[in-house]
Every structure is written in C-alpha cells, then in structure tokens.
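Bear in mind that the values in this text are calculations on the coordinates, not laboratory data. Since this is a predicted model, take the numbers as computed values, not measurements. Here Cβ is always computed from backbone atoms with ideal geometry, including for glycine, and neighbour counts include all displayed protein chains.
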Amino acid sequence: MARKNQEVEPEKDNAERWLLTYADLITLLMIFFVVLYSMSKIDADKFRAIADSLNKALGGGTPSKVELSNSPMGPSLFQTGHAQTKATVPGQTDKPDNTANSEYAGQNDNLGSGNVEQENLTIEGIKARLDKFAADNGFEAKLVSSIEERGLVVSIQDTLLFDSGSAVITPKAREVLNKISTVLASAPNYIKVEGHTDNLPIHTPQFPSNWELSVLRATNVVQIMATEGGINPDRLSATGYGEYRPVAANNSDAGRARNRRVDLVILRSKYDLTEPSKNLVGQQISPINP
C-alpha cells in the first residue's frame, strides 16, 4: 500500500506551452519598434538650442537656421517626402527668402512662391526705370543694369561720376546719383557700392595705388546716396576692389574703360543674413582665444 502511494503519476503534456514563447517574442518586437520610433524623432527646440550653442562656441556670427523635415509624426532630421518647414533659432527674426528657385538651403523662411515672384517683379521694375532714365539722358552705355544671382547690378562708368584720376563726384554726377537713389529707395534691400579701376598704376600723394582710389570713389558715392539721395545708411556699404575684379581685358582702351566703374549691387533679400546686423549693437562679443 505504501509503495502504491509513492508511485508518481506521469506528467501530462502541456500543449499550450508555445504561447509563452510567442508572447515573449511579441513583447520583444514591440519594444524594438518603440526604440526605433523614439530614435527617429527629435526634440526640435533642444536641437536648435544645441546648434545655437555650437555656433557660438565655434565663433560664428548670426546663428544659422536649422532645416528639419516635417512629417505627421513630428519634426525629424530625416527626409520624409512631406512638405518641409524651416525651423529658426529662437529669438531670431525671420526675413523673407526671395530666390527665383527657392533653393537657398538653410535660409528659406517658409515663404510661398508669390513672395519670390514679387521681389523679382520689384527688381525688374527698378531695372526698367533705370534703363529708361539712362536712355532718356543719352548715357545707356555708361549706366548699364543687369540682373544676377545676387541681385540687381547697376554698373556706372567712372566718366559719368568722376574726372580722370579723381574721386571727387562732379555736380552732374550728383544729379545722376540722386535720381538713381530715388528709384532705389522704393526697395528695402541692402545696397553694396563697389569701386573698380583698370590695371594702369597710379602713384599720387592721395592715391598710392588703385586700392585707395577705388575705395574712396565707392565711399563718396555712398555719402551722396545717404545724405542727398535719402537712402537709409543702414542699407549701404562701400567696398573697393582696385583692378582685381575686371569685367573686360585691360589690353585695350575700351576694355579699361569698362573696368573703371562703380557698381551698385541691390542684394536679394536672401543675403540679409550675411550682412552684419545693427541688432548686435550693445551685445558683448567674446574674444577669440588663440
């Protein structure tokens, strides 16, 4: 009797044991996809803050804009094929992008093609008015405007503004610059005034080289446009290139005449971020350690 009680009944087969393995597998798969999902997302605010900090630490000026692709799941660094939005650094003022093809990456400000076309029409309108002014006054060959990728370039030959070897603006040139300034005042774009010379050397007490001549000519044009032309000085800058940015060969009188010029460059709005901002006045700039 005792031996009968000690006998163990054979264990029954558990046909549902595979469910445990299946449940473990499903749980691991769910965790795997949750991890993938979390890795594909990014906190846009934190990312912009990090980008801003790195930009300042590396000695950058105006913080660059961070381009994040937009998807129904939130901002991501990966291209998704959906419409994109531009995320700007907090505290930075958005300025319109006005490229003809909207391909200036990192500086487009989520504007529609209407604004691009509007600026193109503005540039074309300014060019048409300047061309008509030159034609009406008989100096089409001395005042030539052209539309380039950076904006509208108004090229004025030196003989229309200065006497030979001089940086003093003639009385007739003042009238020309005032008329041009009236046309340019209708747009808010930055204006770069660039002085150019030919390659013939100059050695005078006032102008030791063509550098000084080109710079002073550009500066004097800026002064007239600001004081008499009514253009805000914040929009103006002067640059002298001397003989080093020719548009024609210097081996003929005609070529040298083309190179002696002052260019007024009305920059497209997309270049606003490359210009020093007056908003930086009063802010402490950290020195760059060697």
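The distance between label points at residue 139 and residue 115 comes to 3.7 nm (points 7 Å beyond Cα on the Cα→Cβ vector). With contacts taken as Cα pairs under 8 Å and at least 6 residues apart, the stretch 212-277 reaches a relative contact order of 28 percent.
Extending 7 Å from Cα along the Cβ direction at residue 249 and again at residue 277 yields two label points whose distance is 4.7 nm. Quick one: which of 127/192; 142/172; 127/172; 179/270; 127/179; 172/192 span more than 18 angstrom between C-alpha atoms? Flagged as over cut-off: 127/172; 179/270; 172/192. Note on residue 38 and residue 16: their simple-model spin labels are 3.3 nm apart, each label 7 Å out from Cα toward Cβ. Residues whose amide H comes within less than 5 Å of that of residue 145, counting only those at least five positions distant or on another chain, are 155 (H built at 1.01 Å from N in the peptide plane). With neighbour counts taken as other beta-carbon atoms within 10 Å, the residues 277, 146, 164 rank, fewest first, as 164, 146, 277. In terms of surrounding Cβ atoms within a 10 Å radius of their Cβ, 268, 17 rank from fewest to most as 17, 268. Gyration tensor over the Cα atoms of the stretch 113-274: the corresponding equivalent ellipsoid has semi-axes (square roots of 5 times the eigenvalues, largest first) of 26, 16, 16 Å. For the stretch 127-206, a crude dipole built from +1 on the beta carbon of Lys and Arg and -1 on the beta carbon of Asp and Glu, taken about the Cα centre, is about 280 debye to the nearest 20. Of all DSSP-defined beta bridges confined to the stretch 113-274, some 80% are antiparallel rather than parallel.
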